[in-house]
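For reference, the structure discussed in these notes is given below.
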Amino acid sequence: MQRVTPNLPPLIGIVGSAGAYGRWLQHFFRVRMGLEVIGHDPADPASADEAELVRRADVLVFSAPIRHTGALVARYAALAGGSEAGRLWLDVTSIKAVPVAAMLASRAEVVGLHPMTAPPKAPTLKGRVMVVCEARLDTWRPWVVSLLAAIEAECVQATPEQHDRVMALVQAMVHASHLAQAGVLRAQSARVGDLAALMPFRSASFEMDAAIIARILSLNPAIYEDIQFGNPYAGETLRALGTQITRMASLVGEGTDMARAAFRQEFLRENRDAFGDTTLAEGNYSYERIGYLLADLAGAQALSVHLPEDRPGSLRALLHVFERHAVSLSSIHSSRTPEGEVHFRIGFDADVDRMALARVVGDIDGTGLGKVLA
């Protein structure tokens, strides 16, 4: 069989180009990788039709609802009729076994991808995890390596089955437990108030859980539904979770010294031994770091500053302004917008000199060093 050399740079085709991830991918491929992108989406009448996508795209990316992806891939394979040989097909869904099997029924090279995050506001997946399922990869390997380098995610390799089994724990169980918490909070709201009324009483743990609940309920509900119903291992995982909660409720309801001893043994000692000292120490440290971050972000005295020139020395120049006006910082955190703009949130103690701070703001804006946003 003659070895086919990929077209470089490739033309990218995105199936589901009007969806949240489809839009993020278009921006990534165009801006970050400098590639031409076309897409198809029923929600976008101006998008290319499916036949054009199959005919022109060297790399075809399926970014569609989980429940439809398998059938969608099969339809594109039928449309391609073998012309996809020598091309690369990818998908970015949260379930891997079904879409990867469907892509393998084509003649294209196949890699399943799962970014472990909703479309970020940043231009890459830096700081996030992406699962990579190499199913059939040969001539496109060098390009896939360049793609993974450009996307800047922490990549972990897995088979489709391993991925789905792990996601039953990492996604399905986590989402289910927080949705169950939301249901309990809703049922108790008549007695104790809604979530906003509970937040003044928050612990760091409750604040983190409340944030996760809000995140889940704020995003596309179809995704969370499909993560439960589309994963063949989710049901058994949720039943195991239910068994643990039922056992705990039974012991607490019993309330005896014997029940307390069983609780300590089953839920504290055995779980602690299973996790191990190193894992627990690392996890506890992560928790403390998140707690420090929450405390910083809760501070009322803060400025948000955009530095238009992201270059070495920009931050040093910004900090020099505060030093010149004798304003001490209590915290500083950076983030990026989808366009790659650098924003800094700078916190101060409550007794900060407001007149000096006003002079700092004037210098930052007046010199063009940056723009104070808030």
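The values are calculated or read from the model by the stated rules, or taken from the named source; none is laboratory data. Not measured: the values here are computed from a predicted model. Ideal geometry is used to build each Cβ from the backbone, glycine not excepted, and the neighbour counts take in all protein chains shown. In case anyone asks, the SASA skips ligands and DNA or RNA and just uses the protein heavy atoms, side chains included. Shrake-Rupley method; radii C 1.70, N 1.55, O 1.52, S 1.80 Å.
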Exercise. Is there a residue being open to solvent by less than 20 Å² (accessible area, probe 1.4 Å) and among the hydrophobic types (A, V, I, L, M, F, W, C) anywhere in region 114-124?
Worked result: no
Exercise. Just wondering, is there one or more residues in region 267-280 that are in contact (Cβ under 8 Å) with a residue 12 or more places away in the chain, open to solvent by less than 100 Å² (accessible area, probe 1.4 Å), in a helix (DSSP H, G or I) and touching a helix residue (DSSP H, G or I) at 6+ places or on another chain (Cβ under 9 Å)?
Worked result: yes
Seminar exercise, completed: Condition set over 26 Å from L219 (Cβ atoms) and open to solvent by 30 Å² or more (accessible area, probe 1.4 Å), scope region 1-32, selection modelled with the lowest pLDDT: answer is M1
For this session: Looking for whichever is buried (at least 17 other Cβ atoms within 10 Å of the Cβ) and touching an Asp or Glu at 6+ places or on another chain (Cβ under 8 Å) here; the options are R87, R128. Which one fits?
Result: R87
Exercise. Which residues, counting only those in region 33-42, are free of Cβ contacts under 8 Å to residues at least 40 places away in the same chain and open to solvent by 30 Å² or more (accessible area, probe 1.4 Å)?
Worked result: G34, E36, H40, P42
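Yes or no, residue by residue, for (1) more than 15 Å from V174 (Cα to Cα); (2) exposed (fewer than 13 other Cβ atoms within 10 Å of the Cβ); (3) not acidic (D, E):
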{"residue": "I216", "(1), (2), (3)": "no, no, yes"}
{"residue": "A222", "(1), (2), (3)": "yes, yes, yes"}
{"residue": "R247", "(1), (2), (3)": "yes, no, yes"}
{"residue": "G253", "(1), (2), (3)": "yes, yes, yes"}
For this session: Given the conditions (1) closer than 28 Å to F229 by Cα; (2) more than 20 Å from the chain's Cα centre (by Cα); (3) among the hydrophobic types (A, V, I, L, M, F, W, C), report the number of the one that A57 does not fulfil.
Result: (1)
Seminar exercise, completed: Counting only residues that are among the aliphatic types (A, V, I, L, M) and either closer than 29 Å to V31 by Cβ or open to solvent by less than 20 Å² (accessible area, probe 1.4 Å) (or both), region 316-356 contains a total of 8
Exercise. Residues in region 225-234: is at least one part of a helix (DSSP H, G or I), over 28 Å from T69 (Cα atoms) and touching a helix residue (DSSP H, G or I) at 6+ places or on another chain (Cβ under 6 Å)?
Worked result: no
For this session: Within region 281-309, track down each residue that is part of a loop (DSSP other than H, G, I, E, B) and free of Cβ contacts under 8 Å to residues at least 60 places away in the same chain.
Result: A298, G299, A300, Q301, E309
For this session: Report yes if D91 is of a type in the set (D, E) and within 17 Å of D226 (Cβ to Cβ), otherwise no.
Result: yes
Exercise. Right, E339: in contact with a helix residue (DSSP H, G or I) (Cβ under 9 Å, 6 or more places away or on another chain), in a loop (DSSP other than H, G, I, E, B) and at pLDDT below 85 or not?
Worked result: yes
